[in-house]
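Structure first, then comments.
Where a number appears in this text, it was derived from the coordinates with a stated rule and is not lab data. Every value quoted in this text rests on a predicted model; they were computed, and no experiment measured them. Virtual Cβ from ideal backbone geometry, glycine too; neighbours counted across all protein chains shown.
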Amino acid sequence: MQRILLTGASGQIGQALRRQLTPWLSVADQLYCPTRAEFDLSHPIQMQTWLDQHQPTLIINAAAYTAVDQAEQEPTLANQINHVAVKQLANWAAAHHARLLHYSTDYVFDGTRPMDTAYPETDATAPVNVYGQTKLAAEQAIVQAGGDAFILRTCWVYADQGRNFINTILQLARQRDGLSVVADQIGAPNHAERIAQNTVSILSTWCAEAPTPARVRLYHLSVAGQTSWYGIAQRVLKIAAAYEPLRCGVAQLKPIASVDYPTAARRPLNSRLATEQIRQQFAVDLPDWSVDLEQMLSRRYQG
Ligand code: NDP
């Protein structure tokens, strides 16, 4: 019997996990999805009380401070949620022989790797913004805690609903006659449902093994292929234009450089994550990035 704590259940990955975990659970298992008010990562005492009361055997941490630009203005809060709270979860899990699965990010890298190559798990980290620094500190805290843990680094997450690049581009294309989109940052957009499906597949393998203390496994989890934000916008608008009138079509999209789109937080130029390791060791399904994007748009326009 498992008692599973899922944090961040209202987020993009969290919502998808909730859906994907439900059929995977056995009748005796308990899935807890506390709200932020019930389990606030900026309230260590509340977290401690909750953990001691509920005694989870598996913690899936899909909660995070994900406002990358705002983190530059709120480094202490971002660090509390993304690092200090994760350290607490990792220490609690290690002390109670519980498993911990945690999501991290391509932003632990500085993005200076040659653009025709992807980052393997073993590459040196060097975050260029506060968000990346806090996420890297969490990874290090999980390793230090010495429990049985998984860290899955992913990138450029989107979902059918909510605020993300794809939904924003669609909304802006309805309102504006032209759009400038960054074309020199390279990565792959990952649909939250795909991340959740693959997470459950990894959990199936992991939870069939006996718990192994002091074994922290770090993997890159990202779909295949690569593109830029501009490339994603092109694909989205090309498909959307067949279904609805847009003020901005593909012809009105302008590729620009990151330096021409200043943001509070610097972003890595190369966000490509190499996935050979996870593909070799787990039954993951990581098709080209365009597959899930096109399916999402079909769901939206064709029902
Ligand atoms: P979202 O921003 O969609 O969701 C974040 C979740 O965290 C929400 O459920 C939010 O709750 C919760 N949360 C925020 N602050 C707190 C807090 N103080 N206490 C408790 N819960 C809190 O995140 P994603 O699903 O996009 O990301 C999930 C994971 O993936 C994170 O670890 C993130 O770093 C990582 N990741 C995300 C990427 C992306 O592009 N989005 C890229 C790479 C990695 P509420 O609804 O109450 O705000």
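Worth a mention:
- Average Cα contact separation per residue, the range 36-97, under 8 Å, 6 or more apart, as relative contact order %: 39
- Structure-based [θ]222 nm, the chain - -39500 (n - 2.57) summed over DSSP H runs of at least 4, per residue, nearest 500: -11500 deg cm²/dmol
- Percent of beta bridges antiparallel (DSSP, the chain, rounded to nearest 5): 5
- The chain - convex hull of alpha carbons, volume per residue in Å³: 132
- Fewest-first ordering of H97, H102 by other beta carbons within 10 Å of each residue's beta carbon gives H97, H102.
- Label-reachable residues, the range 184-228, where backbone N falls under 15 Å from a point 7 Å from R299's Cα toward its Cβ: 190-198
- Mean separation of Cα contacts under 8 Å, 6 or more apart, over the residue count of the range 27-185: relative contact order %: 24
- Additional length obtainable on full extension of the chain from Q140 to A126, 0.36 nm per residue less Cα span: 3.7 nm
- The H on the amide N of V284, modeled in the peptide plane, is under 5 Å from the matching H of no residue at least 5 residues off or on a different chain.
- Span from the the range 26-78 Cα centroid across to the the range 241-300 one, whole angstrom: 28
- Ellipsoid semi-axes for the range 146-303, based on the Cα gyration tensor and the rule √(5λ), read 34, 18, 12 Å when sorted largest first.
- All lysines inside 28 Å of K238 as judged from Cα atoms, apart from same-chain residues fewer than 8 positions distant: K254
- Cβ-based exposure ranking for C155, C207, in which fewest neighbours within 10 Å come first: C207, C155
- Relative contact order, percent, the range 1-112 [alpha-carbon distance under 8 Å, six or more residues apart]: 31
- Full extension of the chain between R19 and A283 gives 93.1 nm of extra length, using 0.36 nm per residue less the Cα-Cα distance.
- Less than 5 angstrom separates the built amide H of I186 from those of N270, S271, all sequence-distant by 5 or more or on a different chain.
- Taking Cβ atoms as reference points and 13 Å as the exclusive limit, the residues near T134 contribute a net charge of -1, counting Lys and Arg as +1 and Asp and Glu as -1.
- The calculated FRET efficiency for the pair T117 and A241, based on their C-beta separation and a Förster distance of 41 Å, comes to about 0.75.
- Within the range 49-85: backbone nitrogen closer than 18 Å to the H43 label point (7 Å, Cα to C-beta): 49-55, 63-65, 77-78, 80-82, 84-85
- Nearest-ten-degree value, helix 229-240 long axis tilted from longest Cα axis of the chain: 70
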